[in-house]
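Trainee: Can you read through this structure? Questions will come right after.
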Number of protein chains: 2
Amino acid sequence: MAEAEEIKTREGAKQSLREVTALLQKQRLIEELVHKQQMPRHELVESLVHKQNLAKLRNKLDELHPADVAHILEALPLGERLSVWDLVKAERDGEILLEVSDAVRETLIEHMDSEELLAAAETLDTDEIADLAPDLPRDVIQELLLSLDVHKRARLQSALSYPEDTVGALMDFDMVTIRSDVTLEVALRYLRRLGELPDQTDKLFVVDREEGALVGVLPLKRLLIHDPEVHVAAVMADDPVTLHPGDQAAQAAQAFERYDLVSAPVVDEGDRLIGRVTVDAVLDFIREESDTDLLNLAGLREEEDLFSTVWKSAKNRWMWLAVNLCTAFIASRVIDLFEGTIAKLVALAALMPIIAGIGGNSGNQTTTLIIRALALGQINVGNARQLVTKEVGISLLNGVVWGSAVGLFAYALYQQVSLGLVMASAMLLNLLVAAIMGILIPLGMHKLGRDPALGSSVLLTATTDSMGFFIFLGLAKIFLT
Amino acid sequence: MAEAEEIKTREGAKQSLREVTALLQKQRLIEELVHKQQMPRHELVESLVHKQNLAKLRNKLDELHPADVAHILEALPLGERLSVWDLVKAERDGEILLEVSDAVRETLIEHMDSEELLAAAETLDTDEIADLAPDLPRDVIQELLLSLDVHKRARLQSALSYPEDTVGALMDFDMVTIRSDVTLEVALRYLRRLGELPDQTDKLFVVDREEGALVGVLPLKRLLIHDPEVHVAAVMADDPVTLHPGDQAAQAAQAFERYDLVSAPVVDEGDRLIGRVTVDAVLDFIREESDTDLLNLAGLREEEDLFSTVWKSAKNRWMWLAVNLCTAFIASRVIDLFEGTIAKLVALAALMPIIAGIGGNSGNQTTTLIIRALALGQINVGNARQLVTKEVGISLLNGVVWGSAVGLFAYALYQQVSLGLVMASAMLLNLLVAAIMGILIPLGMHKLGRDPALGSSVLLTATTDSMGFFIFLGLAKIFLT
């Protein structure tokens, strides 16, 4: 894999995107000329300009880090993306496929045949193949499994068997192991003989000879500063942070954040070393997880290629729009119950969205804080009651403050004291509903073992809308008409 | 600093939280007994149980990694948090203050006097002091500056001068430098003499003797695998990824993610090495940044201590609630314009929130995708037009699909073809407004140099609400009454 040190700065990457775009634009101009028949086709094909241009583009791409090529591919519309993809050297296809986003990867894989895919996958490590696997056609995976040796095939099959959000899915197999009964001198010589260390190697894993059990880790730091004469056993850390393949990836990420790890060993139930997790995989996981939260909160099912077709994008967005439509229908039926009341006092129709809207916003604040605290493991039986007290307290305070504000506003507009009072009380009550539901919904989802970030906000808004309309119009019916 | 390897697993951290909570509960019971006068005070103070309990708690805390103590402090209500804080050894205060969240740090610092704060800060590195500085009283910072030697004082002052979201603020000064004209053997001996390497050291920085300019980096990997006889210059990477203190932290984070870095040198305009950024600082930055996005989207100004007072929490939430109240008032005035129309056909009042709601949701989907693409640097002049075409296309498709659905719904309920048609057209038009504003608002914010994640959603919903009511009621006025 290309070394990071080859690229000077991130500015360089931006510069590259500009250069590639410029070269592509030239190419497009030439093709437009041909299309408009202003230049005979054969002349173009022979044209020196055209060839030079392509060669320049290809050279530029060859120089770039796979992550930068991936970035360029993501920022290009589909047609140009595929032209650039064709120019990339076949042996780099695999590592670039790993770097692009899921949505863009799909578009690239769609345009490759089985042979190309097989060739690309064969340049990768087994854990990397496992990352690509969900997007590969079944027949390619079958052929891949056949092409691997027994050892690698077993690894790939086990890597494929771990669910997406577990440590098993983050794990790679690039670990360097040593025994505890050798001296550091021997370890140093062993490393020189290896001739290469995997990326992100900050420690060697010390395993016992017979069982393959992990007995400790030897940070490179310690290997470097201690006397070469001492034994590994004397300087290794014998109680390291270890992970299990079935652990939640989010928990592993927390361990990396808390203990500032660069890599951590993964062991099975018998304490046998089976792989490692590195900080770059954790970084990608954290980024993806927070992206997913953001997308879900906005009602998007998954990440979207910026240039995917209208049809495909629309389908991605429909699920949550449909859910929202249902909740909006329910709220609409609640309003309909009070048709008579509104007919008598049309001002109610203009004021009711205020009650519902502020309730929704305030409840969302509560829900967000609870979701975050749940994710950080800060909520337990001992402190749940205090949380409820606090949130209810805030909603009462807000109810008095904002309730008075909207009450005065309503009075000022319609010169009706009773309308102002109804408005103020409805606001207070709906903020109370918002606080209580804002806690109960995410806690309930969590208790049911579901991700509270997914759908909590929609459920909450549905409640505060319907209840807001119901409380406001109900009070109005009793006191105003 | 305590080594990560001391903690076996994350399960261990959870276990600790449970143990500390149990010990605290015992403590609370004892204190309640005293409070209820069921046990004379002096007996308690003498009580062996009480003393043993405290000693157990203190021992437990001493064993824990600072990050785990921080986690426990964050999950405890204020009173118990301060009891535990008092039990923590004074020399560990500094590193624990670094680990807790901003909101919790504030509560701890409030209860420490200047001397304690000064003592805590003096156990830290200059870059760590700079991280704490925003929360420290001015007089403590002044005293700290006086207590440092000239070199460290200059460093602290420069670290304090960098704005929060720049590389300068992420930077630390724990770098190991060597010269390029020595052999690896000499480098190895030098490291052994140092006796300790900073955490997250994956490379040595190669600087020239006179200028202090960075001429390359020597990854430990290369140091370990190459023949000790060769010179550093022969095996170093001479074109590494370098950062500048004024660079955006987000850009540095992207470089770490793309090139899988563990550490990167920071240089000034003269290419002189002034510090380094490590992946653990980047990890914290990414986590904080995505938390901030989440909080801002929910209308929270900043992170909130789970157990802060009602008054303090309410103030944190008011800014966005106030903004929302203003936009809700505007929407309310739009509805008021059509009072006559609603009076004639009250069904309109029940149907109008559907148009506004779906418009808001759909527009938020667009805005979220644009904000994300902007953050990833995927939007440029070349592809903006294609994006608009795509989003407008989706909104037209959605308009036809969902417009028909709500149109049929309205027809089914009220048996009025014209009402169904008005409903369908209003939906189509509002989805179009949502798509266009969903692109324009974040792009406009970005052009003005503001963070598009902050407030885009509020602005968008304000537009789709007001426009939704206006379009629907306007069409109704023309065609239905």
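Trainee: Restricting the search to segment B:327-339, which residues are in contact (Cβ under 8 Å) with a residue 60 or more places away in the chain and more than 7 Å from chain A (Cβ to nearest Cβ)?
Mentor: Selection gives B:327, B:330, B:334, B:337, B:338.
Trainee: Tell me the residue from A:342, A:335, A:370 that is under 17 Å from residue A:435 (Cα atoms) and in a helix (DSSP H, G or I), please. It would help to see each step written out before you state the result.
Mentor: Values: A:342 fails: under 17 Å from residue A:435 (Cα atoms); A:335 fails: under 17 Å from residue A:435 (Cα atoms).
Unique residue meeting the criteria: A:370.
Trainee: I would also like to ask the following. In the set A:321, A:294, A:300, which member is modelled with pLDDT under 90, assigned to a loop (DSSP other than H, G, I, E, B) and hydrophobic (A, V, I, L, M, F, W, C)? Full working, then the answer.
Mentor: Values: A:321 fails: assigned to a loop (DSSP other than H, G, I, E, B); A:294 fails: assigned to a loop (DSSP other than H, G, I, E, B).
Every option except A:300 fails the conditions.
Trainee: Conditions: (1) crowded, with 22+ Cβ neighbours inside 10 Å; (2) among the polar types (S, T, N, Q); (3) farther than 30 Å from residue B:283 by Cα; (4) in contact with a Ser or Thr (Cβ under 9 Å, 6 or more places away or on another chain). Residue A:313 meets all but one. Number of the miss?
Mentor: So the condition that residue A:313 fails would be (4).
Trainee: Moving on. Going by the structure shown, is residue B:189 under 27 Å from residue A:190 (Cβ atoms) and crowded, with 16+ Cβ neighbours inside 10 Å? Break it down stepwise before answering.
Mentor: Details: under 27 Å from residue A:190 (Cβ atoms): yes; crowded, with 16+ Cβ neighbours inside 10 Å: no.
In short, no.
Trainee: Among the numbered criteria (1) surrounded by fewer than 18 Cβ atoms within 10 Å (Cβ to Cβ); (2) facing another protein chain (nearest Cβ under 8 Å); (3) in a loop (DSSP other than H, G, I, E, B), which one does residue A:450 miss?
Mentor: Here residue A:450 clears every test but (2).
Trainee: Can you name the condition, by its number, that residue B:242 falls short on among (1) over 32 Å from the mean Cα position of the chain (by Cα); (2) closer than 18 Å to residue B:276 by Cα?
Mentor: For residue B:242, the failing item is (1).
Trainee: So, one more: Of everything in segment B:258-305 that's within 26 Å of residue A:262 (Cβ to Cβ) and of a type in the set (Lys, Arg), which residue is nearest to the chain's Cα centre (by Cα)? Talk me through it step by step, then tell me what you get.
Mentor: We begin by selecting, within segment B:258-305, every residue within 26 Å of residue A:262 (Cβ to Cβ); these are B:258-267, B:273-292.
Within this subset, residues satisfying the condition of being of a type in the set (Lys, Arg) are B:258, B:276, B:287.
Working: B:258: 20, B:276: 21, B:287: 5 Å.
In this case the residue turns out to be B:287.
Trainee: Among the residues of segment A:84-121, what is the count of those that are within 14 Å of chain B (Cβ to nearest Cβ) and more than 30 Å from residue A:152 (Cβ to Cβ)?
Mentor: Number satisfying all stated conditions: 1.
Trainee: With the structure loaded, tell me whether residue B:365 is under 24 Å from residue A:332 (Cα atoms), out of contact with any His (no Cβ under 6 Å at 6 or more places or on another chain) and either modelled with pLDDT of 90 or more or at the interface with chain A (Cβ under 7 Å from one of its Cβ atoms) (or both) or whether it fails that test.
Mentor: On the way: under 24 Å from residue A:332 (Cα atoms): yes; out of contact with any His (no Cβ under 6 Å at 6 or more places or on another chain): yes; either modelled with pLDDT of 90 or more or at the interface with chain A (Cβ under 7 Å from one of its Cβ atoms) (or both): yes.
So residue B:365 passes the test.
Trainee: Going residue by residue through segment B:400-407, is there one that turns out to be within 19 Å of residue B:346 (Cα to Cα) and more than 10 Å from chain A (Cβ to nearest Cβ)?
Mentor: Keep residues of segment B:400-407 that are within 19 Å of residue B:346 (Cα to Cα), which gives B:406-407.
Imposing the further condition that a residue be more than 10 Å from chain A (Cβ to nearest Cβ) reduces the set to B:407.
Yes, there is a match, as at least one residue in segment B:400-407 is within 19 Å of residue B:346 (Cα to Cα) and more than 10 Å from chain A (Cβ to nearest Cβ).
Trainee: What number goes with the only condition from (1) in the same structural domain as residue B:459 (by TED's automatic domain parsing); (2) not in a loop (DSSP other than H, G, I, E, B) that residue B:379 does not pass?
Mentor: (2)
Trainee: If I go through segment B:323-333 residue by residue, how many of them are among the aliphatic types (A, V, I, L, M), in contact with a Ser or Thr (Cβ under 9 Å, 6 or more places away or on another chain) and buried (at least 20 other Cβ atoms within 10 Å of the Cβ)? Quick ask: steps written out before the conclusion?
Mentor: Let us first name the residues in segment B:323-333 that are among the aliphatic types (A, V, I, L, M), namely B:323, B:325, B:328, B:330-331.
Going one step further and asking which of them are in contact with a Ser or Thr (Cβ under 9 Å, 6 or more places away or on another chain), we end up with B:330-331.
If we keep only those that are buried (at least 20 other Cβ atoms within 10 Å of the Cβ) too, we end up with B:331.
Summing the residues that are among the aliphatic types (A, V, I, L, M), in contact with a Ser or Thr (Cβ under 9 Å, 6 or more places away or on another chain) and buried (at least 20 other Cβ atoms within 10 Å of the Cβ) in segment B:323-333 gives 1.
Trainee: With touching a Phe, Trp or Tyr at 6+ places or on another chain (Cβ under 9 Å), at pLDDT 85 or above and within 14 Å of chain B (Cβ to nearest Cβ) as the only criterion, which of A:214, A:191 stands out?
Mentor: Values: A:191 fails: touching a Phe, Trp or Tyr at 6+ places or on another chain (Cβ under 9 Å).
None of the others qualify; the one that does is A:214.
Trainee: Do any residues in segment B:453-478 that are surrounded by fewer than 24 Cβ atoms within 10 Å (Cβ to Cβ) have Cβ atoms under 8 Å from those of residues that are not in a helix (DSSP H, G or I), where the two are at least six apart or on different chains, and which pairs are they?
Mentor: Correct list of pairs: B:458/B:299; B:474/B:338; B:477/B:338.
Trainee: Another question about this same structure. Given the structure, is residue B:256 surrounded by 22 or more Cβ atoms within 10 Å (Cβ to Cβ) and either free of Cβ contacts under 8 Å to residues at least 60 places away in the same chain or among the basic types (Lys, Arg) (or both)?
Mentor: Yes: the conditions hold for residue B:256.
Conditions (1) facing chain A (nearest Cβ under 8 Å); (2) buried (at least 24 other Cβ atoms within 10 Å of the Cβ), marked per residue:
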position: B:341; (1), (2): no, no
position: B:347; (1), (2): yes, no
position: B:356; (1), (2): yes, yes
position: B:359; (1), (2): no, yes
position: B:376; (1), (2): yes, no
position: B:386; (1), (2): yes, no
position: B:398; (1), (2): yes, yes
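Table: residues versus (1) under 38 Å from the mean Cα position of the chain (by Cα); (2) closer than 24 Å to residue B:247 by Cβ.
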{"residue": "B:147", "(1), (2)": "yes, no"}
{"residue": "B:153", "(1), (2)": "yes, no"}
{"residue": "B:162", "(1), (2)": "yes, yes"}
{"residue": "B:166", "(1), (2)": "yes, yes"}
{"residue": "B:170", "(1), (2)": "yes, yes"}
{"residue": "B:177", "(1), (2)": "yes, yes"}
{"residue": "B:185", "(1), (2)": "no, no"}
{"residue": "B:190", "(1), (2)": "no, no"}
{"residue": "B:194", "(1), (2)": "yes, no"}
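Trainee: Moving to a separate point now. If you scan segment A:274-284, which residues turn out to be surrounded by 21 or more Cβ atoms within 10 Å (Cβ to Cβ) and either in contact (Cβ under 8 Å) with a residue 12 or more places away in the chain or in a loop (DSSP other than H, G, I, E, B) (or both)? Let's see the steps before the verdict.
Mentor: Quick first cut of segment A:274-284, residues surrounded by 21 or more Cβ atoms within 10 Å (Cβ to Cβ) only: A:275-283.
Selection gives A:275, A:276, A:277, A:278, A:279, A:280, A:281, A:282.
Trainee: Can you name the condition, by its number, that residue A:428 falls short on among (1) in a helix (DSSP H, G or I); (2) touching a residue at least 40 places away in the same chain (Cβ under 8 Å); (3) in contact with a helix residue (DSSP H, G or I) (Cβ under 6 Å, 6 or more places away or on another chain)?
Mentor: With (1) in a helix (DSSP H, G or I); (2) touching a residue at least 40 places away in the same chain (Cβ under 8 Å); (3) in contact with a helix residue (DSSP H, G or I) (Cβ under 6 Å, 6 or more places away or on another chain) applied to residue A:428, the lone miss is (2).
Trainee: Which of the residues spanning segment B:227-244 are more than 12 Å from chain A (Cβ to nearest Cβ) and surrounded by fewer than 22 Cβ atoms within 10 Å (Cβ to Cβ)? Please lay out each step first, then the result.
Mentor: Here is the first cut: in segment B:227-244, the ones more than 12 Å from chain A (Cβ to nearest Cβ) are B:231-234.
Hits for segment B:227-244 are B:231, B:233, B:234.
Trainee: Read through the list (1) at pLDDT below 90; (2) of a type in the set (Lys, Arg); (3) not in a loop (DSSP other than H, G, I, E, B), then give the number of the only condition that residue B:8 fails.
Mentor: Tallying (1) at pLDDT below 90; (2) of a type in the set (Lys, Arg); (3) not in a loop (DSSP other than H, G, I, E, B), residue B:8 fails exactly one: (3).
Trainee: Go through segment A:160-185 and give me each residue that's part of a helix (DSSP H, G or I) and surrounded by 15 or more Cβ atoms within 10 Å (Cβ to Cβ). Spell out the reasoning first.
Mentor: So in segment A:160-185, the residues part of a helix (DSSP H, G or I) come out as A:160-161, A:167-170, A:184-185.
Within segment A:160-185, A:160, A:167, A:168, A:169, A:170, A:184 qualify.
Trainee: Among the listed residues A:197, A:191, which satisfies the condition of being among the aliphatic types (A, V, I, L, M), outside the structural domain of residue A:143 (by TED's automatic domain parsing) and assigned to a loop (DSSP other than H, G, I, E, B)? Explain how you work it out, then say what you get.
Mentor: Details: A:191 fails: assigned to a loop (DSSP other than H, G, I, E, B).
The match here is A:197.
Trainee: Would you mind stating whether residue B:423 is buried (at least 21 other Cβ atoms within 10 Å of the Cβ) and touching a Ser or Thr at 6+ places or on another chain (Cβ under 9 Å)? Before you say what the answer is, go through the steps one by one.
Mentor: Numbers: buried (at least 21 other Cβ atoms within 10 Å of the Cβ): yes; touching a Ser or Thr at 6+ places or on another chain (Cβ under 9 Å): no.
It is false that residue B:423 is buried (at least 21 other Cβ atoms within 10 Å of the Cβ) and touching a Ser or Thr at 6+ places or on another chain (Cβ under 9 Å).
Trainee: Residue A:167 - would you say it is more than 14 Å from every other protein chain (Cβ to nearest Cβ), of a type in the set (A, V, I, L, M) and closer than 27 Å to residue A:109 by Cα? Before you say what the answer is, go through the steps one by one.
Mentor: Details: more than 14 Å from every other protein chain (Cβ to nearest Cβ): no; of a type in the set (A, V, I, L, M): yes; closer than 27 Å to residue A:109 by Cα: yes.
So residue A:167 fails the test.
The values are calculated or read from the model by the stated rules, or taken from the named source; none is laboratory data. The shown structure was predicted, so the numbers you read here are calculated from the model rather than taken from an experiment. Note: ideal-geometry Cβ built from the backbone for every residue, glycine included; neighbour counts use all protein chains shown.
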